[in-house]
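The values are calculated or read from the model by the stated rules, or taken from the named source; none is laboratory data. Not measured: the values here are computed from a predicted model. Virtual Cβ from ideal backbone geometry, glycine too; neighbours counted across all protein chains shown. These accessible areas exclude ligands, DNA and RNA; they are computed on the full protein's heavy atoms, side chains included. Shrake-Rupley method; radii C 1.70, N 1.55, O 1.52, S 1.80 Å.
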Amino acid sequence: MRPMREKFGSKLGAVLAAAGSAVGLGNIWRFPIETGRNGGAAFILIYIGCIFLIGLPVMLSEFVIGRSSQCNTAGAYRKLAPGTQWKWVGRLGVLTGFVIMSYYVVVAGWTIQYAWLALTNQFAGRTAEDFPVIFNNFATNPWQPIVCLVIFVWLTHYVIVKGVTRGIERWSKILMPLLFVLVFILVVASVCMPGAGEGLRFLLQPDFSKVNSVVALNAMGQAFYSLSLGMGALCTYASYFDKQISLSRAAMNICLIDTLIALMAGFIIFPAASAAGYRLQSGDIGASLLFITLPNVFQQAFAAVPLLSYVFSLLFYLLIILAALTSTISLHEVVTSYMTEEFGFKRSRAALIETVTCMLLGCLCSLSFGPLRGIKLAGLTIFDLFDWTSSNLLLPIGGMLISLFVGWYLKRELVRNELTNYGTLRLRGLRVLIFILRFVAPLAILGILLNQLHLF
Ligand code: PFF
């Protein structure tokens, strides 16, 4: 007989776990970069529109699939659409989980190194010229980044083997509030810096002349990535949701939390960057944001009070570690639950297989900054290839198929039952939701896909 499936023990735990999956490097790293590249406040407004117009309905779809099937993401489609090819959507999700996890832990590992550098006060007295050198020496080193990524993968493993309630839920309840507190402290400190005004204007005064279709599609792609949509992470978590949880309320809360943290990351980074003399309008905030620009920003912005530089840098890198960890936990769980339920492995063994595989693939990704930098496919290093294929290809394709599945294939009665908890909750707008899932979301996602393939 199959062992009983675990469940999240409380509504709060369920929402925090799913919000933890959503809040990650996407909020604190990718969002500010995209905001910087795409012109600031106007991009943010479009981004918020995408979160609620497209992201929320797709999230609800993942929730409906997960909770109604009570299965891992691959098993869910087999159960809800037996004998059809829809099972490939779930399997694609598992594959995507593998790929994202393998490169995500490389960057997550870097944050451990930077927290260490901050803790041991090694940024003190450095100038803008030093930071690119520090980063390049570290990232191209054959073993240092690997040690960091191994630590990160094992932290994730530790939480996963404890199980859904004692591992994922318990740690989400500890890490997420800590993350909120850190974000709050950092926002206040950043906004109060002399010279923060330009950063605030950049975030608050929209310049619509910068908006074009590519900016809008970038906003949508970012919304998707940030909400962890398209690969079954939220579907897997929803399979542990209790029948009492209101799916629409949970989805709304997760979208709000994710958006708030992304915005607050903006309010940490842009005011501090303008205080340190960076020119935001001319794209000073780029891909090197976290590891080259920001350590310098923290030094320059608090030049008069070195203790503040120290505390700010340390708290900031701790914050990213927490955010990344709650996301890798969800990525890991997609694969672990798949292996336990589909192949009958014990949880600890399934987790170990995923952990070791990710470590090996992660090492390849990490080495592609150093000794393996010459190995390229279509001009991309191994790391870039993993990043590019998962974010630009696999997630949007997964998201499109998920919305088509719920919009066209699933019985409307099942969707209604899940969203109303079998008639105990009121539901408005089911028709609108189905319309979005049938037409709006798939077309919009197709747009993201074509944009990312540079076919626009
Ligand atoms: N949403 C995460 C972030 O913003 O960093 C990234 C992510 C996690 C994407 C889990 C997909 C996923 F399943």
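See the values below:
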{"quantity": "Any hit, segment 358-376, residues being in contact with a Phe, Trp or Tyr (Cβ under 8 Å, 6 or more places away or on another chain) and either of a type in the set (Val, Ile, Thr) or surrounded by fewer than 17 Cβ atoms within 10 Å (Cβ to Cβ) (or both)", "calculated": "no"}
{"quantity": "All positions within segment 377-386 that are surrounded by 14 or more Cβ atoms within 10 Å (Cβ to Cβ) and not aromatic (Phe, Trp, Tyr)", "calculated": "Leu380, Thr381, Ile382, Asp384, Leu385"}
{"quantity": "Inter-residue pairs, beta-carbon under 6 Å, first in contact (Cβ under 8 Å) with a residue 60 or more places away in the chain and at positive phi and in segment 223-238, second near the ligand (Cβ under 7 Å from one of its atoms) and in a helix (DSSP H, G or I), 6+ apart", "calculated": "Ser228/Ser21; Ser228/Ala22; Gly230/Leu395; Gly232/Val334"}
{"quantity": "Residues within segment 440-456 that are of a type outside the set (A, V, I, L, M) and touching a Gly at 6+ places or on another chain (Cβ under 8 Å), tallied", "calculated": "4"}
{"quantity": "Hits in segment 12-31 (condition: near the ligand (Cβ under 10 Å from one of its atoms) and open to solvent by 10 Å² or more (accessible area, probe 1.4 Å))", "calculated": "Trp29, Arg30"}
{"quantity": "Hits in segment 91-115 (condition: within 13 Å of the ligand (Cβ to nearest atom) and not aliphatic (A, V, I, L, M))", "calculated": "Gly93, Thr96, Gly97, Phe98, Ser102, Tyr103, Tyr104, Thr111"}
{"quantity": "Residue match in segment 176-188 (condition: touching a Gly at 6+ places or on another chain (Cβ under 9 Å) and farther than 22 Å from Thr259 by Cβ)", "calculated": "no"}
{"quantity": "Tally, over segment 195-225, of residues that are within 14 Å of the ligand (Cβ to nearest atom) and out of contact with any Ser or Thr (no Cβ under 8 Å at 6 or more places or on another chain)", "calculated": "3"}
{"quantity": "Qualifying residue in segment 396-413 (condition: polar (S, T, N, Q), under 15 Å from Leu229 (Cβ atoms) and modelled with pLDDT under 95)", "calculated": "no"}
{"quantity": "Of all residues making up segment 106-153, the number that are open to solvent by less than 40 Å² (accessible area, probe 1.4 Å) and within 25 Å of the chain's Cα centre (by Cα)", "calculated": "21"}
